[in-house]
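Read the structure below first, then the notes.
Throughout, read-outs are computed from the coordinates displayed, never taken from laboratory work. Note that the coordinates shown come from a computational prediction; the quantities given were computed from them, not determined experimentally. All Cβ positions, even for glycine, are placed from backbone atoms using ideal geometry, and neighbour counts span all protein chains on display.
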Amino acid sequence: MTFDENERVPTQYHPSWFEGYRYVYPVVSRRSRGVSLGVNLSPTKLCNFRCVYCQVDRGENRAEIDRAIATTVPEQASSRDVLGRSHSCGGMVDLDVLESEILRLARASLDGELFKVERFAAVERSKRVLRDFAFSGDGEPTLAPQFPEAVSRLADARRRLGYDPLKLVLITNATRLERPEIARALDELCASNGEIWAKLDAGDPEWLRAVDRTAIPFETIVRNIEFAAKRWRVKIQTALFSWRGAGPTDEQFLRYCRRVREIMEAGGQVEAAQLYTVAREPAEPDARPLPNDVMDRYAEVLRRETGLSVEVFYSR
């Protein structure tokens with residue numbers, strides 16, 4: 001499968017910029033089933049994962065990011081350790097600008113002005129619904145030192161809009177959810193109709209290292225998801241794709257299912273799982289989408305093994 005830019009639909013085009021905005025960008029999200037306002041707290045594109053299927057072009061920052069990941073002690077490093085150099089070079093977020101942008105774009109979504117912009121003019125009416133403010137962007141949101149204050153700003157913006165269906169969503173690689181300052185922020189997020197979409201791409205350390213390319217221990221990620229699911233609304237997100245010519249083996253996927261089941265058996269209240277495949281051009285060309293029937297087969301296995309509600313998102 002090729003990714004022809006001339007054939008992309010709005011759900012396949014998610015640039016983290018919009019019309020001169022610095023931190024907020026609208027997308028038509030498959031998983032939100034409508035308009036999601038992305039919040040980018042990573043203007044320097046720093047992340048502690050280097051997923052092979054990532055669509056973020058880190059360009060000139062790639063070498064610095066790789067060095068930061070390689071020299072970070074996974075269990076002990078703080079966000080300051082990983083982000084210090086990058087944020088000291090002009091990467092701090094202006095939260096006043098962020099709050100102004102989220103309110104302007106939310107109002108443009110609610111009153112229809114957004115859909116006068118060429119990129120969104122063809123969006124079908126059923127998807128012209130503002131669903132959420134989503135911390136996503138070009139890196140792991142919880143690494144940003146300003147993440148807790150940004151949550152407070154977005155919670156306040158949601159109150160000012162007075163639009164009760166609106167959610168606050170954290171899309172996260174689940175590496176820092178146990179940290180006290182992050183947990184306090186997520187208490188506030190979830191009190192504002194919030195939920196956490198936590199990434200779990202593998203059922204064992206080897207698979208994790210192959211596809212997410214991180215120094216963070218696999219068990220740390222599982223422990224963080226279990227911690228979160230005992231406390232907040234959590235959905236597990238999992239990317240499934242062909243890597244260097246092959247998808248996960250049946251045994252690999254069953255190990256993944258067992259990990260999810262163990263989180264639930266330990267008391268984690270997982271609301272649902274989201275299985276998705278590559279829909280846009282990835283970082284590594286050897287990461288390719290899986291056919292719809294293969295995705296459906298994986299979903300059936302996960303339902304059978306865990307009893308979870310499973311949503312599937314295809315490449316088209």
| task | May I ask you to derive the FRET efficiency for residue 284 and residue 19 from their Cβ-Cβ distance with R0 = 25 Å, giving the value to the nearest 0.05? | result | 0.25
| task | Pull out the extension gain between residue 129 and residue 269, defined as 0.36 nm times the separation in residues minus the alpha carbon to alpha carbon distance; nm, one decimal. | result | 47.6 nm
| message | Exceeding 23 Å between C-alpha atoms, which entries from my cross-link table qualify? They are 167/230; 116/199; 45/230; 127/167; 167/199; 167/235. | response | 116/199; 45/230
| Want the number for residue 294 to residue 110: 0.36 nm per residue separation, take away the alpha-carbon distance, what's left? | 62.5 nm
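Could you list 207, 197 in order of exposure, starting from the residue whose Cβ has the fewest other Cβ atoms within 10 Å?
Least crowded to most crowded, the residues run 207, 197.
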| query | Among the GluC sites (Glu not before Pro) within the range 87-162, which fall in a DSSP loop and have no more than 11 other Cβ atoms within 10 Å of their own Cβ? | reply | 124
| task | Report the full-extension gain for the segment residue 303 to residue 191: residue separation times 0.36 nm, less the Cα-Cα distance, to one decimal in nm. | result | 37.4 nm
